[in-house]
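First the structure, in the form of structure tokens, and then the observations on it.
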């Protein structure tokens, strides 16, 4: 009797342990994810959210991370830094997330930065500006990473192209927001290295609807080309204003504008405009030897044909940022688990990770890890994007 009871007890313990292990293995891993789902940058934030959900769905289809499913806790920043700060605190202290993905814009990212740094929560941002991963006056970035190319990298790609085309005297027009100022600072800093001088500089408010006065003043200073540094509809307004004024100088936009929406808004005025971009918009034109091509084409297949996002949100240069952020974080969790310090270290140790936006090699000094080879110059031709000549 005692023997049988002991055996039964042993079986119950084994069943309990097995059930407990399975329960622990199946426990979901929460990731906070917040983007501009409403407000002026919702055309970027909404598809970014969809891509984050797509990445999580694909990871979970493949068995999750170490047998545990990922779960996104979604938030809408509304383009409001105060709302972004509130959401970040909710993710950290209420939802108990392992990491955070987002937000959409540099200004909200800078508001969130000290919050996640103080809490010690790994955060992979999808913003364009560099200050989120710059120290000194911009604050610590130990726990903050970003998936889009640094503004510095985009400026180097653009300036390399200008130098090759012998366009050395240019005019600069930029948005007076965090992103625009960041780009302008990098251009000022890097111009001497590439033999480029500025004939004139002008700025505009990111919500302005007419840049004719600035363009008129720029034209009067006789530059060889005009560089515009902004994201969203403002870039298309600049293209249309330039066309209306009959300015035949070539227009170069920043790495935030390679997007079918830009062509839609600017219309015929966008023809011939050039800009640095991820390889996503010209994937079919890449040589088969490009190590990113297979990854990019698979992403396009999922985006267009499996999840059918392209019907509402045509692929643009922003489309891969959330995919790269989520998949890098997932791989780091697979290696190191969810303990914040260990996870942060694993993300920072990411090497040769082939993403949609580039091949990532992160270091303690560089929490982006993409170089100039991750970008190409594209041109608007016949209503679409092609590799620039």
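Within region 238-253, none of the residues are farther than 16 Å from residue 214 by Cβ, touching a helix residue (DSSP H, G or I) at 6+ places or on another chain (Cβ under 6 Å) and not in a helix (DSSP H, G or I).
Conditions (1) more than 29 Å from residue 324 (Cβ to Cβ); (2) crowded, with 22+ Cβ neighbours inside 10 Å; (3) at pLDDT 95 or above, marked per residue:
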{"residue": "243", "(1), (2), (3)": "yes, no, yes"}
{"residue": "251", "(1), (2), (3)": "no, yes, yes"}
{"residue": "254", "(1), (2), (3)": "no, yes, yes"}
{"residue": "261", "(1), (2), (3)": "no, no, no"}
{"residue": "264", "(1), (2), (3)": "no, no, yes"}
{"residue": "282", "(1), (2), (3)": "no, no, yes"}
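Considering (1) within 30 Å of residue 233 (Cβ to Cβ); (2) in a helix (DSSP H, G or I); (3) modelled with pLDDT under 95, the lone condition that residue 51 does not fulfil carries the number (3). Across region 71-87, the number of residues qualifying as under 18 Å from the mean Cα position of the chain (by Cα) and outside any loop (DSSP other than H, G, I, E, B) comes to 6. Answer yes if at least one residue in region 310-325 is over 22 Å from residue 72 (Cβ atoms) and crowded, with 17+ Cβ neighbours inside 10 Å, and no otherwise. Among the residues of region 310-325, at least one is over 22 Å from residue 72 (Cβ atoms) and crowded, with 17+ Cβ neighbours inside 10 Å, which makes the answer yes.
Scanning region 243-259 for residues that are free of Cβ contacts under 8 Å to residues at least 60 places away in the same chain and farther than 22 Å from residue 166 by Cα gives 243, 244, 245, 246, 259. Candidates 66, 82, 119: the one that is modelled with pLDDT under 95 and either surrounded by fewer than 20 Cβ atoms within 10 Å (Cβ to Cβ) or not assigned by TED's automatic domain parsing to the domain that holds residue 337 (or both) is 66. Applying the condition of being buried (at least 22 other Cβ atoms within 10 Å of the Cβ) and part of a helix (DSSP H, G or I) to region 88-106 and asking which residue is modelled with the lowest pLDDT yields 106.
The values are calculated or read from the model by the stated rules, or taken from the named source; none is laboratory data. On a predicted model such as this, the values are computed, not experimentally measured, just so you know. Ideal geometry is used to build each Cβ from the backbone, glycine not excepted, and the neighbour counts take in all protein chains shown.
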